[in-house]
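**Student:** Sending over a structure as structure tokens; questions will come in a sec.
The values are calculated or read from the model by the stated rules, or taken from the named source; none is laboratory data. Keep in mind that this is a model prediction, so the values were computed, not measured. Neighbour counts run over all protein chains shown; Cβ positions are idealised from the backbone, glycine included.
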Ligand SMILES: CC(C)(COP(=O)(O)OP(=O)(O)OC[C@H]1O[C@@H](n2cnc3c(N)ncnc32)[C@H](O)[C@@H]1OP(=O)(O)O)[C@@H](O)C(=O)NCCC(=O)NCCS
């Protein structure tokens, strides 16, 4: 393995975006560090070298960087193949299929885990509606909310479950009045550790299949204008911007944010 390339200037220079143009995909997560920079001596001893297919690397990169922990990533420019070096703890996790997650419809038994997911999202991102600490829902109330969604028959929540937790979810809520019954409103959120791995797109795929079967004609949502990841996701899913909701959000620090109203007709 070309060790000297691992310490190359091109890698050192990357801070947030790497586009590997000759490869069938792209790694876009960061920050990337020069090998050894962040590692304690223990962690350096634990590093292993691996040869992986690009798709695996892509998944692993996003997981590793989102853990913001002991890692170093090295690659050389060869289409489809990347040489990868990473702390053994993370490697073991990856080798044992640690990135495997399941997308499924929510059940009442998910109440506590789903509440925990929402509380973590409230803390992790300013792009969801609730401010950190604002959500007062109890697990029992959450169970009632889920029961209501499931009994409605035309609303649904999909969750992403890893080994122990729920790490993301998407809710489609049907409008009740007859004249707007064909419309579903969407809310989606993933924990930072699981973003950028195609899971948001998969949630949308499952939701849309279900929405078609349940005769929805219009899907709609709102998104803060500075939320590039979400905006791009919605555009790639075929949503269109149909209007600007001026100052519709006031962040806890007091600044105003516009939102786009977006929709997709099925
Ligand atoms: C928005 C969110 C749901 C996207 O889910 P995700 O699983 O990360 O998205 P995917 O990996 O499926 O990416 C799908 C597309 O979204 C866009 N995208 C995703 N992450 C992006 C990023 N960091 N920067 C720019 N575009 C991004 C890309 O167009 C991507 O397509 P590509 O992979 O072909 O380039 C997720 O980032 C999230 O939960 N964010 C925090 C909560 C939030 O903002 N919720 C939405 C409120 S309206």
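**Student:** Which of the residues spanning the range 157-204 are in contact (Cβ under 8 Å) with a residue 40 or more places away in the chain, assigned to a helix (DSSP H, G or I) and crowded, with 17+ Cβ neighbours inside 10 Å?
**Tutor:** If the condition is that a residue be in contact (Cβ under 8 Å) with a residue 40 or more places away in the chain, assigned to a helix (DSSP H, G or I) and crowded, with 17+ Cβ neighbours inside 10 Å, then 193, 194, 199, 203 are the ones that fit.
**Student:** Can you pull out the residues in the range 242-266 that are over 29 Å from residue 182 (Cβ atoms) and in contact with a helix residue (DSSP H, G or I) (Cβ under 8 Å, 6 or more places away or on another chain)?
**Tutor:** Correct list: empty.
**Student:** Name the residues in the range 146-156 that are in a helix (DSSP H, G or I) and crowded, with 18+ Cβ neighbours inside 10 Å, would you?
**Tutor:** The first filter runs over the range 146-156 and keeps only residues in a helix (DSSP H, G or I), leaving 146-152.
Those that are in a helix (DSSP H, G or I) and crowded, with 18+ Cβ neighbours inside 10 Å: 146, 149.
**Student:** Let me ask something additional. Is it the case that residue 251 is surrounded by 11 or more Cβ atoms within 10 Å (Cβ to Cβ), under 23 Å from residue 200 (Cα atoms) and either assigned by TED's automatic domain parsing to the domain that holds residue 204 or more than 8 Å from the ligand (Cβ to nearest atom) (or both)? Outline the logic, then answer.
**Tutor:** On the way: surrounded by 11 or more Cβ atoms within 10 Å (Cβ to Cβ): yes; under 23 Å from residue 200 (Cα atoms): no; either assigned by TED's automatic domain parsing to the domain that holds residue 204 or more than 8 Å from the ligand (Cβ to nearest atom) (or both): yes.
No.
A quick yes/no check of all residues on (1) surrounded by fewer than 16 Cβ atoms within 10 Å (Cβ to Cβ); (2) at pLDDT 95 or above:
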residue	(1), (2)
106	no, yes
110	no, yes
114	no, yes
117	no, yes
130	yes, yes
133	yes, no
136	yes, yes
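**Student:** If a residue has to be more than 8 Å from the ligand (Cβ to nearest atom) and in contact with a helix residue (DSSP H, G or I) (Cβ under 7 Å, 6 or more places away or on another chain) to count, how many in the range 219-235 make the cut?
**Tutor:** Number of matching residues: 1.
**Student:** Test residue 238 against the stated conditions and say whether it is within 15 Å of the ligand (Cβ to nearest atom), without any contact (Cβ under 8 Å) to a residue 12 or more places away in the chain, at positive phi and surrounded by fewer than 18 Cβ atoms within 10 Å (Cβ to Cβ).
**Tutor:** Here the answer is no, as residue 238 does not meet what is asked.
**Student:** If residue 207 meets every condition in (1) part of a helix (DSSP H, G or I); (2) within 13 Å of the ligand (Cβ to nearest atom); (3) out of contact with any strand residue (DSSP E or B) (no Cβ under 8 Å at 6 or more places or on another chain) apart from one, which number is that one?
**Tutor:** Going through the list (1) part of a helix (DSSP H, G or I); (2) within 13 Å of the ligand (Cβ to nearest atom); (3) out of contact with any strand residue (DSSP E or B) (no Cβ under 8 Å at 6 or more places or on another chain), residue 207 breaks only (3).
**Student:** When the residues of the range 137-170 are filtered to those that are out of contact with any helix residue (DSSP H, G or I) (no Cβ under 7 Å at 6 or more places or on another chain) and within 16 Å of the ligand (Cβ to nearest atom), which remaining residue is nearest to residue 261 (Cα to Cα)?
**Tutor:** Filtering the range 137-170 for residues that are out of contact with any helix residue (DSSP H, G or I) (no Cβ under 7 Å at 6 or more places or on another chain) and within 16 Å of the ligand (Cβ to nearest atom), the one nearest to residue 261 (Cα to Cα) comes out as 161.
**Student:** Looking at 228, 212, can you tell me which residue is touching a residue at least 40 places away in the same chain (Cβ under 8 Å) and surrounded by fewer than 13 Cβ atoms within 10 Å (Cβ to Cβ)?
**Tutor:** Working: 228 fails: touching a residue at least 40 places away in the same chain (Cβ under 8 Å).
After ruling out the rest, the residue left standing is 212.
**Student:** Ok, one more. Mind listing whichever residues of the range 210-231 are under 25 Å from residue 245 (Cβ atoms) and assigned to a loop (DSSP other than H, G, I, E, B)?
**Tutor:** 216, 217, 225, 226, 227
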